[in-house]
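Notes to accompany the following structure.
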Amino acid sequence: MVLKKILITGGSGRLGSYIIPELEKINKFEIFYPNSKDLDICDKDKVESVMSDINPDLVLHFAAYTDSKSAENIENEWIKCMDINTLGTINILRYCSKNKKRLCYISTDAVFDGKEGNYSPSDLINPINKYARTKAAGEFCVRNYENSCIIRTAFFENNFPYEIAFEDQITSKNYIDIIGPKILNICLNFEPSNIYHIGTEPISMYKLAKKRRPDVKKRKLIKFGNLKIAKNLSFSKIEKERY
């Protein structure tokens with residue numbers, strides 16, 4: 001299938017802000033990225049109307065509630081998280097399924113509990129916080145639609161955003177300028193009904209932080225046992241698995 005129109009949800013977010021200019025450089029597609037007011041993914045009728053008017057060939061579903069700390073600690077904030085990450089995904093999925101549109105759903109490495117690390121796409125997920133559970137719920141819904149893919153990934157902006165980093169936390173996360181091209185390639189070329197893991201070689205969070213923020217302070221995760229933070233979210237070298 002030749003792609004002509006691409007619709008992106010969450011275009012103003014970290015991933016969308018990277019992907020949209022890269023797609024524009026390719027100069028082969030009509031790209032649509034309505035804001036959250038024009039395309040409220042929690043409004044089923046709005047989704048149907050706006051997406052029908054655009055009639056995209058490919059939907060890149062980047063929109064998400066990602067403030068895991070608020071979802072976990074602020075009363076009823078997890079409901080907003082669920083509405084966006086699960087209900088919103090169902091609304092997008094409903095349109096794509098009914099109209100036979102290709103769908104790429106961005107998920108997260110946080111669907112794993114982080115006890116073992118070196119995760120492959122076929123490993124059982126076990127999210128340990130409310131944010132991750134809503135993303136996992138979105139995954140299970142997307143898996144019902146054959147003309148779709150799921151990308152599990154994680155990334156920072158071009159700089160490390162925190163003053164401290166854990167030396168005993170292992171990740172395959174990286175910066176958007178490194179992870180972004182890998183995500184874009186899969187978005188445009190994915191094989192349907194596959195889960196993709198996109199990351200880089202496992203590294204401690206502290207060493208990753210030092211690459212872009214030399215003044216970062218190291219801490220041990222074990223001293224923050226009250227926080228629901230996964231210890232090892234590294235990926236194996238296996239990139240995809242059919243569902």
**Asked** Measuring from centroid to centroid over Cα atoms, what is the spacing of segment 44-63 and segment 104-163 in Å?
**Response** 23 Å
**Item:** Solvent-accessible heavy-atom area per residue, rounded to whole Å², over segment 37-154 at 1.4 Å
**Value:** 45 Å²
**Message:** Over 30 Å between Cα atoms: which of Lys98/Lys173; Lys80/Lys218; Lys28/Lys80; Lys5/Lys240; Lys37/Lys130; Lys182/Lys231 fall into that group?
**Reply:** Lys98/Lys173; Lys80/Lys218; Lys28/Lys80
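Trypsin sites (Lys or Arg not before Pro), restricted to segment 170-241: which are DSSP loop and have at most 14 other Cβ atoms within 10 Å?
Values: sites: Lys173, Lys182, Lys207, Lys210, Lys211, Arg212, Lys217, Lys218, Arg219, Lys220, Lys223, Lys228, Lys231, Lys237, Lys240; in loops: Lys173, Lys220, Lys228, Lys231, Lys237.
Those satisfying the criteria are Lys220, Lys237.
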**Prompt:** For segment 137-206, which chymotrypsin sites (Phe, Trp or Tyr not before Pro) are in a loop by DSSP, counting at most 16 other Cβ atoms within 10 Å?
**Reply:** Tyr162
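Given only helices, namely DSSP H runs of n ≥ 4 each adding -39500 (n - 2.57), what is the per-residue ellipticity at 222 nm of the chain, to the nearest 500 deg cm²/dmol?
Counting only the DSSP helices, I get -10000 deg cm²/dmol.
Go through segment 86-129 and name the trypsin sites (Lys or Arg not before Pro) that are in a DSSP coil and have 13 or fewer other Cβ atoms within 10 Å of their Cβ. Show your work: numbers first, answer last.
Details: sites: Arg94, Lys98, Lys100, Lys101, Arg102, Lys115; in loops: Lys100, Lys101, Lys115.
Of the trypsin sites (Lys or Arg not before Pro), the ones in loops of segment 86-129 whose Cβ has at most 13 other Cβ atoms within 10 Å are Lys100, Lys115.
Count charges around Met82 for me, please; just the other residues with Cβ under 9 Å from its Cβ, Lys/Arg as +1, Asp/Glu as -1. Spell out each step's value before the answer.
Numbers: positive: Lys80, Lys130, Arg133; negative: Asp83.
Once all neighbours under 9 Å are counted, the net charge is +2.
The values are calculated or read from the model by the stated rules, or taken from the named source; none is laboratory data. Computed from a predicted structure; not experimentally measured. Every residue, glycine among them, receives a Cβ derived from its backbone with ideal geometry; neighbour counts consider all protein chains shown. The protein model used for the area step is the full one, side chains on, heavy atoms only, and it has no ligands, DNA or RNA in it. Shrake-Rupley method; radii C 1.70, N 1.55, O 1.52, S 1.80 Å.
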